Amino acid sequence: MTAGEEILAAPVVDLPAPEVDTEALLAELTDLPALEYDRRRQDAAKTLGIRASTLDAEVERRRPKTAGSERLTGSAVDIGDPEAWPTPVDGAVLASELETTFSRYIVLPSGAAVALTLWTLHSHAHDAAHVSPILAITSPEKRCGKTTALSLLGALTRRPLPVANVTVAALFRATEQWRPTLLIDEADTFLKESEDLRGILNSGHTRGAAFVLRVAGDDHEVRRFSTWAPKVVALIGRMHPTLMDRAVEIRMRRRRPEEVVERLRLDRLDALEALPRRCARWADDHLGALRREDPTVPTGLNDRAADNWRTLLAIADTLGGTWPAKARAAVVELVGDDDGDEAAAVLLLQDLRDLFRRHGARLPSAVAVTDLATLEERPWPEWHHGKPLTVRQLARLLRPFNIRPHLERSGSDVFRGYREADFQDAFGRYLGSEGSPTVTPLQPSTGAEKREERTVTPEKAVTDGNPQETAPNQRCNAVTVQHPLPLGGAAESWV
């Protein structure tokens with residue numbers, strides 16, 4: 001056997017891998033410029049036996065965090081549950097104290113303190129709900145009490161997380177990690193421009209659909225993130241119709257000189273500490289009852305509004321005492337206040353019906369938008385960025401009703417316009433005989449008649465020989481603003 005053959009025949013001995021000084025390598029990587037670190041990260045991760053994403057996180061953690069530095073990462077979020085009250089809590093008494101607290105510091109419209117109270121308890125009993133209505137706190141101008149309302153909700157709700165701005169990624173990751181009560185302020189400054197953010201908020205309305213899919217990690221694994229959390233949105237103006245459709249709205253207003261309330265001291269909110277602890281105990285003790293509750297809802301609400309209020313009415317019925325009646329009266333006060341503020345699509349149908357009566361069965365598009373722009377109390381004069389509604393935007397708004405302009409001729413003139421006959425189906429479905437939306441008036445209920453069939457017309461008002469008629473399940477009426485706005489140019493006019 002030759003010397004070379006002896007070498008080849010010699011047994012292979014695995015030499016021990018040189019020991020890696022982990023701390024030294026991490027320190028070296030931490031000090032590298034970004035480009036050089038990116039070139040070495042994969043090899044370094046293999047050397048350390050970890051994933052590259054794990055190495056990234058460790059290196060980032062070790063890098064200095066200084067004000068003004070591009071590496072500044074903010075501070076950690078500390079969210080925890082309030083310590084539950086040690087003894088059982090009388091829910092009706094607790095709710096009355098919450099109602100008094102809201103009224104003590106804020107001038108509120110009728111029924112709003114009741115709604116705020118029920119929604120606060122909803123944040124603590126969120127695990128029992130199948131629908132989680134957004135609490136929309138709106139106002140026409142600043143200094144109407146929105147900040148005070150948010151401060152109180154931050155002191156009273158479960159796991160409050162106040163944010164004045166939030167990205168899509170931060171929203172669903174925070175929801176997945178902490179299941180907080182999101183208190184979103186100044187929404188008029190950023191929500192209008194983010195269709196993706198509105199989509200995340202919309203998805204969190206019902207438990208079964210409250211998640212988004214995202215790709216995560218170096219292996220691009222598809223992961224599901226929860227969007228199921230109580231949400232408060234405060235803003236000047238009105239929310240986008242798809243969000244408002246999922247909301248219970250509190251319309252704030254500026255305090256008159258003779259309306260006196262106590263000033264809320266933000267440095268003394270710890271005086272309210274017992275209330276969220278009692279809320280937590282009451283919710284823990286009644287989750288089972290809330291899951292079984294099937295409250296009656298006042299007639300006249302569309303399906304989405306009924307779902308929103310059913311969650312809060314279940315809490316009221318579980319509280320007992322005067323709360324079932326107070327809650328249903330609040331529905332009438334807060335939802336019934338919307339009879340003059342229908343969704344834009346229904347307003348448009350009303351106004352076009354009036355124009356057909358004025359101009360006849362054929363209406364040129366140019367005439368329609370010119371006349372609509374003269375209606376000062378309607379949105380049409382400042383429809384898009386302060387400019388009047390155009391013929392193209394008009395066509396886009398009518399398209400979901402399956403209504404399209406035709407090429408028309410009048411003598412030698414040729415124009416595009418609309419025919420009244422094409423509107424008859426939409427008029428019949430969404431408007432009454434006089435051009436107002438079809439209405440079943442809201443009827444308050446004490447909840448005593450739960451699971452019984454109720455009627456539109458009171459018994460004494462029914463003509464002899466004619467049976468009472470059961471209230472239809474109408475989706476559009478004059479007491480809600482939750483009717484979705486058709487897709488089109490109007491979207492930019494809403495937050």
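The values are calculated or read from the model by the stated rules, or taken from the named source; none is laboratory data. Model, not experiment: these values are computed from the prediction. Positions of Cβ are generated from backbone atoms using ideal geometry, with glycine treated the same way; all protein chains shown enter the neighbour counts.
Annotations for the structure displayed:
- If the condition is being farther than 20 Å from residue 310 by Cβ and surrounded by 18 or more Cβ atoms within 10 Å (Cβ to Cβ), then the stretch 234-257 contributes 234, 235, 238, 239, 240, 241, 251, 252.
Yes/no matrix, rows are residues, columns are (1) within 30 Å of residue 53 (Cα to Cα); (2) at pLDDT below 95; (3) aromatic (Phe, Trp, Tyr):
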{"position": "215", "(1), (2), (3)": "yes, yes, no"}
{"position": "251", "(1), (2), (3)": "no, yes, no"}
{"position": "278", "(1), (2), (3)": "no, no, no"}
{"position": "299", "(1), (2), (3)": "no, yes, no"}
{"position": "313", "(1), (2), (3)": "no, no, no"}
{"position": "319", "(1), (2), (3)": "no, no, no"}
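- Those helices (runs of 4 or more DSSP H) of the stretch 217-321 in which at least 1 residues are among the small types (Gly, Ala, Ser), farther than 27 Å from residue 175 by Cβ and not assigned by TED's automatic domain parsing to the domain that holds residue 53, considering only elements entirely within it, cover 274-292.
- Check on residue 96, surrounded by 12 or more Cβ atoms within 10 Å (Cβ to Cβ) and either at pLDDT 95 or above or over 22 Å from residue 324 (Cα atoms) (or both): yes
- Qualifying residue in the stretch 184-198 (condition: of a type in the set (Lys, Arg) and in contact with an Asp or Glu (Cβ under 7 Å, 6 or more places away or on another chain)): no
- Subset of the stretch 165-196 that is of a type in the set (Lys, Arg) and at pLDDT 90 or above - its residue that is nearest to residue 384 (Cα to Cα): 173
- Selection from the stretch 365-392 of residues that are farther than 17 Å from residue 415 by Cα, assigned to a helix (DSSP H, G or I) and of a type outside the set (Asp, Glu): 372, 380, 381
- For the stretch 161-190, a residue qualifies if it is of a type outside the set (A, V, I, L, M, F, W, C) and without any contact (Cβ under 8 Å) to a residue 24 or more places away in the chain, and the qualifying residues are 162, 177.
- When 222, 260 are screened for being in contact with a Leu (Cβ under 8 Å, 6 or more places away or on another chain) and loosely packed, with under 13 Cβ neighbours inside 10 Å, only 222 passes.
- Members of the stretch 289-336 that are of a type in the set (Ser, Thr, Tyr) and under 21 Å from the mean Cα position of the chain (by Cα): 311
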